[in-house]
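S.K.: The structure follows.
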Amino acid sequence: MSRVLLSAVTTAGLAAAGLAIATAPAASAASCTDVDVPVARGTFEPGTLGLVVGDPVYQAVQSSLRPRSLSSYPVNYPADLGEPASVQKGNTDLVNHVRAQAAACPQQRFVLVGYSQGANVVDNSLGVSSDGAVVGGPIVATIPPELAPRIAAVLLFGNPIRAVGRQVTGTYQSRTMDYCANGDPVCQPGGANFLAHLSYGGDASDAAAFAASKV
């Protein structure tokens, strides 16, 4: 699937759903909550954390983890088609955020969320290269091994590396839930259901339950 097609899928799908495209705001550092939820939004995705995935998933995780305190972090990156610079900026920002938060808040744990290009951002940050996948690129930063135990769960949606035969393996495999809707051309080879790529909000409750089982 070409990046041009991804743009068409995302833009046309958001328009069909009646969603305006907007630039996500710059993120600020989170306080020392029990759990921090960094979210890497999809290409051109509007919303604070991402209207299609990030916002509903974070709300569901909040509900599932009560009474624990939660904070969120919108990964600060372009989320555009300027590959590989866009995904690499996200990769760098996510790793820097986790390192800074882990140092400032020694008891804090993390639930990482990535949708579409944002899933590539998370993949790279875990040490799984998205190079060769749509809107992917080579790894430029990884979460240090000593912080791995503090990554409680990883939630991925419409993950482009699946279309090129890759997935999260190794250290994080058992803590990862990787959703690919049937027919989604971004993550399923031969998929042709463009609207499937916008369906992941429906998985929010299941993803939150998985995260709660790992925290």
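S.K.: Ignoring solvent entirely, what values of log10 I(q)/I(0) come out of the Debye formula for the stretch 150-200 at 0.32 Å⁻¹ when each Cα is a single scatterer?
M.R.: -1.16
S.K.: Quote to one decimal, in nm, the extra length available between residue 99 and residue 142 on full extension: 0.36 nm per residue of separation minus the C-alpha distance between them. All intermediate terms of the calculation are to be shown ahead of the outcome.
M.R.: Numbers: separation 43, 0.36 × 43 = 15.48 nm, distance 1.00 nm.
Contour length minus Cα-Cα distance gives 14.5 nm.
S.K.: Additional query: How big is D for the stretch 59-144, in µm² s⁻¹ as a whole number, if Stokes-Einstein is applied with the Kirkwood radius of its Cα pairs at 10 °C and 1.306 mPa s?
M.R.: My calculation gives 118 µm²/s for D.
S.K.: Next question. With each pseudo-label sitting 7 Å past Cα toward Cβ, what's the residue 34-residue 69 distance in nm, one decimal?
M.R.: 1.1
S.K.: Take each complete run of DSSP H in the chain, measure how far its Cα atoms stretch along the helix's own axis, and keep only those covering 15 Å or more with mean Kyte-Doolittle hydropathy at least -0.5; list them.
M.R.: On the way: long enough: 3-16 (19 Å, 1.42); 54-65 (16 Å, -0.12); 85-104 (28 Å, -0.28); 204-214 (16 Å, 0.42).
Membrane-span-like by this criterion, though nothing is claimed about a membrane: 3-16, 54-65, 85-104, 204-214.
S.K.: If N is the number of residues in the chain, what value comes out of its Cα radius of gyration divided by 2.2 N^0.38 Å?
M.R.: Here the Cα radius of gyration is 0.91 times the empirical estimate.
S.K.: Still on this structure, please answer the following. Normalised by the empirical 2.2 N^0.38 Å for globular proteins, what value does the Cα Rg of the stretch 71-112 take?
M.R.: After normalising by residue count via 2.2 N^0.38 Å, the value is 1.30.
S.K.: Right, another one. Between residue 214 and residue 48, what FRET efficiency follows from the Cβ-Cβ distance if R0 is 22 Å, with the result rounded to 0.05?
M.R.: Computed FRET efficiency for residue 214 and residue 48: 0.35.
S.K.: Continuing with this model, one more query. May I ask you to give the average projected area over all directions of the convex hull of the Cα atoms of the stretch 50-90, in nm² rounded to one decimal?
M.R.: Convex hull of Cα atoms, orientation-averaged projection: 3.4 nm².
S.K.: Still on this structure, I have one more. In square angstrom, what is the accessible area per residue of the stretch 27-182 with a 1.4 angstrom probe?
M.R.: 36
S.K.: Taking N as the number of residues in the stretch 78-200, what is its Cα Rg relative to 2.2 N^0.38 Å?
M.R.: 1.02
S.K.: Continuing with the same structure: Dipole of the chain (Lys/Arg Cβ +1, Asp/Glu Cβ -1, origin at the Cα centre): which of 163, 135, 57 lies farthest to the positive side?
M.R.: Sorting the options by dipole projection puts first 57.
The values are calculated or read from the model by the stated rules, or taken from the named source; none is laboratory data. All of these numbers come straight from a predicted model, not from anything done at the bench. Quick reminder, even Gly has a Cβ in these numbers, built from the backbone with ideal geometry, and neighbours come from all protein chains shown. With ligands, DNA and RNA removed, areas are computed over all heavy atoms of the protein, side chains included. Shrake-Rupley method; radii C 1.70, N 1.55, O 1.52, S 1.80 Å.
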